[in-house]
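Here the structure comes first, spelled out in structure tokens, and everything after it is commentary.
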Amino acid sequence: MTSELDIFVGNTTLIDEDVYRLWLDGYSVSDAVALRVRSGILEQTGATAAVLQSDTMDHYRTFHMLERLLHAPPKLLHQLIFQIPPSRQALLIERYYAFDEAFVREVLGKKLSKGTKKDLDDISTKTGITLKSCRRQFDNFKRVFKVVEEMRGSLVDNIQQHFLLSDRLARDYAAIVFFANNRFETGKKKLQYLSFGDFAYCAELMIQNWTLGAVGEAPTSPDSQVDDMDMDLDKEFLQDLKELKMLVADKDLLDLHKSLVCTALRGKLGVFSEMEANFKNLSRGLVNVAAKLTHNKDVRDLFVDLVEKFVEPCRSDHWPLSDVRLFLNQYSASVHSLDGFRHQALWDRYMGTLRGCLLRLYHD
Amino acid sequence: MPGKLKVKIVAGRHLPVMDRASDLTDAFVEVKFGNTTFKTDVYLKSLNPQWNSEWFKFEVDDEDLQDEPLQITVLDHDTYSANDAIGKVYIDIDPLLYSEAATVISGWFPIYDTIHGIRGEINVIVKVDLFNDLNRFRQSSCGVKFFCTTSIPKCYRAVIIHGFVEELVVNEDPEYQWIDRIRTPRASNEARQRLISLMSGELQRKIGLKVLEMRGNAVVGYLQCFDLEGESGLVVRAIGTACTLDKLSSPAAFLPACNSPSKEMKESPLVHPPSHGCRSTHNSPIHTATGSRLTQNFSVSVPTLIYTGMGSGSAGKEGGPFKALLRQQTQSALEQRGGSPHRFCRRREFPFFTLTAFPPGFLMHVGGVVSARSVKLLDRIHNPDEPETRDAWWAEIRQEIKSHAKALGCHAVVGYSESTSICEEVCILSASGTAAVLNPRFLQDGTVEGCLEQRLEENLPAGCGFCHIPYDELNMPFPAHLTYCYNCRKQKVPDVLFTTIDLPIDATVIGKGCLIQARLCRLKKKAQAEANATAISNLLPFMEYEVHTQLMNKLKLKGMNALFGLRIQITVGENMLMGLASATGVYLAALPTPGGIQIAGKTPNDGSYEQHISHMQKKINDTIAKNKELYEINPPDISEEIIGSPIPEPRQRSRLLRSQSESSDEVTELDLSHGKKDAFVLEIDDTDAMEDVHSLLTDVPPPSGFYSCNTEIMPGINNWTSEIQMFTSVRVIRLSSLNLTNQALNKNFNDLCENLLKSLYFKLRSMIPCCLCHVNFTVSLPEDELIQVTVTAVAITFDKNQALQTTKTHVEKSLQRVSTDNEELLQFPLELCSDSLPSHPFPPAKEHLESASSNSGIPAAQRATSVDYSSFADRCSSWIELIKLKAQTIRRGSIKTTVTVEKASPMGEGNFRNRSTPPCANSTVGVVKMTPLSFIPGAKITKYLGIINMFFIRETTSLREEGGVSGFLHAFIAEVFAMVRAHVAALGGNAVVSYIMKQCVFMENPNKNQAQCLINVSGDAVVFVRESELEVLSTQQPTANCQPSCPGGEVTT
């Protein structure tokens, strides 16, 4: 006796959260059944393995049919084939678009291209996440990227509107899209200590301050329609950043800046002497990062540079985070007192974001 | 009465990409009705076209309105080649033809293609303007309401229940026409879908005409079926119960949406019989009116098929060797009960009722199940002189059923249904029902009050009346175990009762019920034509017998004594016959406690064998004990003396009442013969019997927290919460062809069913505590080694805190299942309290029973009164509920009634509120509930929008790519559900009740990567309102009119 056909269709589509997770994690039906058996469900319910097999198959089939709709979540809401309560719909979408930290760290900042997709099996082996799950996550990134790529307006809003994600998840996707678009290098060994959260935090700050959308946000100027996008960095701003170079190129200015910072921080900083000794190096590092951002290559290396030029020197001198904060605050603020320096607004736009990023990046 | 049909095509969405180059579609729509077609403009390059068309107007006869479906085709415009079809929508406009149903059909319909499935949706608005026309010879029957529900629909009151209506139409199956060889599968499928749609429209219209002739205005329990006879053709047949229904105005009046007085006005010329001319001529039986069915309407394809019936052995249940088998059925005592029987016969050929639940007092006595089967050969011989063979076949079967019922002393058959099973050219026709004696006052034309027969009334105790035998015990040719009713002790009852109906509301049940199934396979040699038919008809009686034995054994094993909703399905295949009987077992308090099962060995000398036997016996006894505990069957322990020989006093009384034909000697004799001998003896004399015993014990009870039944509601569970989940599950297994023996086959089949049930329990475990209701199994044998089982049921959650809720839920139950108006409710409680209260127990509430059983040997009289209270209170409060609903017209309140109301309802109310899920605010698609039941727990149906009757074909030539057979069928069934929901939503409804999947024919050819499936579903589209919402509305209204409730209140306290 072999089962040829075995289906269950409910007027309200049954969604088993546990099976959904197994499916999302890319397990085959037999693996999923084995895992469910191990979870002790048979003992709890008195079911047989055959029942479990049939149930799992059924759910997998349902998920497979739903997957097409999950690719465009608004469709899931409007479709008529599966009657699913709204709370369940939200759960389906949210879980489908959720991703693994380990995976996202591997592809963050990479071009979401076929080439990267080919490397997924390596990532799968490295992270222990099934290839199927890797593919889903990668495809999700790519799909979101494609949809919002050409769109105007807030990146997070666009993602939320087209994929019906929660605020948190939409922000994460905004970061992923932003990183993919600007191809920030995140895979270098010295960046390994950083979490996705760290990058996402930076991305959010950069989107808020360094993109065209950030400028457009100011009382909507009518001519901002050209491209008020959140995804691309404001090219003009990056060009202007060259002007900051005088902060380190002009010897007097650099000395004055240093003395202002040192005066203010004397006695307040545990690592004062180290700071004093390193000031010029640190300042040069930060300003040079800014000045180089006109080149795409250097934009990509932004995080590498920040870690190399700032995080690592400070860390080798064992600066506590509170001292870093005090220093950066003072370092940014003191520029306002430099009479010979005219680009205050530019400095604030640069440093305000950078300070936030650096503080986030500064940990072990 | 011609009409104008108006259609507007608004927009489309989610259309498929038809142009690969642009990834877009240039869509337009063709709207076709009859022979007229309109087109919209082409909406270029969009997957979400906004046509916003003008109103397309069709001027048509109402006959066409009833027969024809509105056909909407969405196409992709192509400048250079033929336009590609995207898909179609068929809309049955029948619901717009009777007034208090829907007024407009408007909404998103899935665009369906028989090859690709659902491809996007289209927004359509449909309206109908009917012109009044007093044509005396009209062919249409607009205005007759159809209900699939097999009880009087809520929010209606039955004025008269006229009786049986039937009709069938025949045509050639397009799939088997010569043209099918040259047309595409799509064209063939669409031709078939359209034809069936037409035929069912025509059928419905013709049934409607018959109803009008009977001066009814509605068909209840409408059941329409298709027989796909292959090359012989296609038969669409329907049966139903004609009624005159009155709308109960109050419940709907609360709802602004349903409140359309103008519509009510429109109805009047349609419903009232005086407007048509046939009336005066109708003394002749209806049956003859089916005359020229084949010649009308199908002018294009004149049917060329004729059946020559081979009357090879009608294998009824009265087969010679098995006379003892269904003793309830075959007792031929004919007790003349006054004038009532002939009253039916005068006007109606078949006193059959497709209803399974009845207004209180309608059903007086139940005789038992009557069924008849006959094997026929479908023949292709062209014989235009005999177009009515099919009709004759059914007439023959119905005649047999009628005579069976007569033999049981019954003048009517209730819970009646018909079915067929076809394999190649052999066809088994089956009909079954429950012989019954009905209260004639519902059946007569004229005033309701006029025909109360005192003699009948006085013998009608509520909780047990229907169990009393309708036949005369004197003329019983077989030794039947009759006892005095355990409830009233006045009349005789059988020891076991089988019925096809739902449990009457007022029946006194102890404990809970459970689903009982008998499953059976019999191999048969492959044969041709007559030899085949003969072989089958020879096998049938054996199968019936075994099915019956299995049912009986399983019933006893459960410790129960009655079956409700019995449905025996015999399926014929190439090389086997399958029998599947499903029913809900209960313990009726009125019937005697079932005896155990005794095992007897053949060779008593063998020691080890003896031991084995006693071991088995112990196991069986243990199982019975366990089941009794599981289903909470704790009948009050009444000592043997009381039961065995009824106390003299009541017997005398009963003799007085039934003075006509009783001689006391014989009564005593009968009583003595009964007694302790009722244990069922199973003789284990061969391996077969061993198998039987084993299979008895292998049936696993559902996991704790689960109950199942195939009736509308589970006896013993009343406190339903609002969560329901309707589902369909299909399984197909392939048998290994090597060693097919009957035993192996039986085991396979048994496992298939058991595993299916287990899977259901597992899948629905999150709903515990819950009950699977209306579990409907269908077996088919699509191929030699394939067995297909289809199950449709609904899982309903219930509240564990039962005791608290009993009162409330009783109210609900009676309200849900009974629709009587104010006046009648008034009449009934009064009758009951004056008449039956002093002596006849009522349905006991659970707590009473529990106390009774713990306190064993409690005097019957005492029990009776205590039990009485709750049940009577139920009646009152149910009535009060109704008053509450009506209260908006009556403004004066009364403290007394208000108190009662509060006592009755707050518990339930609170619970419903707590349980109801938060409204889905952001959902764009409205939720449509589907249920095979006639009600929705925790809600009130306020409006019936019309019948849903849909037929779909789905075919694929890329089976593997669609996920194999499972993927294909899963998607198709989901699509069918979606289309049903969309139609209901477009009618303005939010639920389908009495939903049934009547056919699910699945064929596959994996080698060719092909599969095809046909599905036919039906149900009633309704609007329901959550009781919590309703109560908010109604509590604002002052509860009024103390008068009727006062007497009730006094009696109860």
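The values are calculated or read from the model by the stated rules, or taken from the named source; none is laboratory data. These figures come from a predicted structure and were not determined experimentally. All Cβ positions, even for glycine, are placed from backbone atoms using ideal geometry, and neighbour counts span all protein chains on display.
Any idea which of (1) buried (at least 24 other Cβ atoms within 10 Å of the Cβ); (2) more than 30 Å from B:Pro2 (Cα to Cα) is the one B:Thr79 doesn't satisfy?
With respect to (1) buried (at least 24 other Cβ atoms within 10 Å of the Cβ); (2) more than 30 Å from B:Pro2 (Cα to Cα), B:Thr79 is out only on (1).
If the Cβ limit is 8 Å and pairs must be 6+ apart or interchain, which residue in region B:914-941 that is facing another protein chain (nearest Cβ under 7 Å) pairs with which residue that is at pLDDT below 50?
As it stands, the answer is B:Val927/B:Cys920, since those pairs meet every condition given.
Evaluate region B:85-105: report whether one residue or more is at pLDDT below 90 and assigned to a strand (DSSP E or B).
Scanning region B:85-105, I find at least one residue that is at pLDDT below 90 and assigned to a strand (DSSP E or B), so the answer is yes.
Give me the residue from region A:302-339 that is in contact (Cβ under 8 Å) with a residue 12 or more places away in the chain and part of a loop (DSSP other than H, G, I, E, B) and, out of that set, nearest to A:Val287 (Cα to Cα).
Top of the filtered list is A:Leu338.
Output yes when any residue across region A:75-94 is within 16 Å of A:Gly26 (Cα to Cα), surrounded by 15 or more Cβ atoms within 10 Å (Cβ to Cβ), more than 14 Å from chain B (Cβ to nearest Cβ) and in contact (Cβ under 8 Å) with a residue 60 or more places away in the chain, and no when none is.
So far as region A:75-94 goes, no, none of its residues is within 16 Å of A:Gly26 (Cα to Cα), surrounded by 15 or more Cβ atoms within 10 Å (Cβ to Cβ), more than 14 Å from chain B (Cβ to nearest Cβ) and in contact (Cβ under 8 Å) with a residue 60 or more places away in the chain.
Can you spot a residue in region A:97-118 that is within 23 Å of A:Leu35 (Cα to Cα) and within 14 Å of chain B (Cβ to nearest Cβ)?
Looking for residues that are within 23 Å of A:Leu35 (Cα to Cα) and within 14 Å of chain B (Cβ to nearest Cβ), one finds none in region A:97-118, hence no.
Kindly provide the set of residues from region B:720-735 that are surrounded by fewer than 23 Cβ atoms within 10 Å (Cβ to Cβ) and more than 7 Å from chain A (Cβ to nearest Cβ), ordered by number.
The answer is B:Thr721, B:Ser722, B:Glu723.
On the given criteria, is B:Ala191 aliphatic (A, V, I, L, M) and assigned to a strand (DSSP E or B)?
no
May I ask you to say which residue of A:Leu131, A:Leu169 is farther than 18 Å from A:Leu108 by Cβ and among the aliphatic types (A, V, I, L, M)?
Of the residues listed, the single one that is farther than 18 Å from A:Leu108 by Cβ and among the aliphatic types (A, V, I, L, M) is A:Leu131.
Give the residues of region B:210-226 that are crowded, with 23+ Cβ neighbours inside 10 Å and under 30 Å from B:Lys32 (Cβ atoms), sorted by residue number.
B:Lys210, B:Val211, B:Leu212, B:Val219, B:Tyr222, B:Gln224
Looking at B:Gln550, is it within 24 Å of B:Asp751 (Cβ to Cβ), out of contact with any Lys or Arg (no Cβ under 6 Å at 6 or more places or on another chain) and part of a helix (DSSP H, G or I)?
Answer is yes for this residue.
List the number of the failed condition for B:Tyr112; all other conditions in (1) hydroxyl-bearing (Ser, Thr, Tyr); (2) over 34 Å from the mean Cα position of the chain (by Cα); (3) assigned to a strand (DSSP E or B) hold.
Just one mismatch for B:Tyr112, condition (2).
Quick test for you: out of A:Asp172, A:Asp167, pick the one residue that is closer than 30 Å to A:His64 by Cβ, buried (at least 21 other Cβ atoms within 10 Å of the Cβ) and within 17 Å of the chain's Cα centre (by Cα).
When all the criteria are applied, what remains is A:Asp172.
Assuming A:Phe8 fulfils every condition listed in (1) assigned to a helix (DSSP H, G or I); (2) in contact (Cβ under 8 Å) with a residue 12 or more places away in the chain; (3) over 22 Å from A:Ala98 (Cα atoms) apart from one, which condition is it?
Among (1) assigned to a helix (DSSP H, G or I); (2) in contact (Cβ under 8 Å) with a residue 12 or more places away in the chain; (3) over 22 Å from A:Ala98 (Cα atoms), A:Phe8 violates only (1).
Do you know which residues across region A:58-74 are at the interface with another protein chain (Cβ under 10 Å from one of its Cβ atoms) and in a loop (DSSP other than H, G, I, E, B)?
Correct list: A:Ala72 only.
Filtering region A:37-57 down to residues that are more than 23 Å from B:Val700 (Cα to Cα) and assigned to a helix (DSSP H, G or I), which residue is farthest from the other protein chains (Cβ to nearest Cβ)?
My answer is A:Arg38.
State yes or no: is A:Val9 buried (at least 22 other Cβ atoms within 10 Å of the Cβ) and under 22 Å from B:Lys929 (Cα atoms)?
yes
I'd like to verify a number: residues in region A:1-21 that are under 17 Å from B:Val976 (Cα atoms) and of a type in the set (S, T, N, Q), how many?
Counting residues in region A:1-21 that are under 17 Å from B:Val976 (Cα atoms) and of a type in the set (S, T, N, Q) gives 3.
Hey, B:Lys763 hits all of (1) at the interface with another protein chain (Cβ under 9 Å from one of its Cβ atoms); (2) closer than 22 Å to B:Ser421 by Cβ; (3) at pLDDT 90 or above but one; which does it fall short on?
In the conditions (1) at the interface with another protein chain (Cβ under 9 Å from one of its Cβ atoms); (2) closer than 22 Å to B:Ser421 by Cβ; (3) at pLDDT 90 or above, B:Lys763 misses (2) alone.
Just the residues that are of a type in the set (A, V, I, L, M, F, W, C), surrounded by 17 or more Cβ atoms within 10 Å (Cβ to Cβ) and either part of a helix (DSSP H, G or I) or at pLDDT below 85 (or both), please, taken from region B:994-1041.
Of everything in region B:994-1041, those that are of a type in the set (A, V, I, L, M, F, W, C), surrounded by 17 or more Cβ atoms within 10 Å (Cβ to Cβ) and either part of a helix (DSSP H, G or I) or at pLDDT below 85 (or both) turn out to be B:Leu1030, B:Ala1040.
Do you know which residues across region B:698-716 are assigned to a strand (DSSP E or B) and away from every other protein chain (no Cβ under 14 Å)?
B:Tyr707, B:Ser708
Can you find a residue in region B:177-191 that is among the aliphatic types (A, V, I, L, M) and either crowded, with 24+ Cβ neighbours inside 10 Å or closer than 24 Å to B:Glu349 by Cβ (or both)?
The answer is no; no qualifying residue exists.
B:Asp41: without any contact (Cβ under 8 Å) to a residue 40 or more places away in the chain, farther than 14 Å from B:Gln71 by Cβ and within 14 Å of chain A (Cβ to nearest Cβ), yes or no?
no
For B:Phe977, state whether it is outside any loop (DSSP other than H, G, I, E, B), more than 29 Å from B:Pro95 (Cα to Cα) and either β-branched (Val, Ile, Thr) or touching a residue at least 24 places away in the same chain (Cβ under 8 Å) (or both).
Taking the combined requirement at face value, the residue does not satisfy it.
I'd like to verify a number: residues in region B:1-38 that are within 14 Å of chain A (Cβ to nearest Cβ) and in contact (Cβ under 8 Å) with a residue 24 or more places away in the chain, how many?
The qualifying residues number 7.
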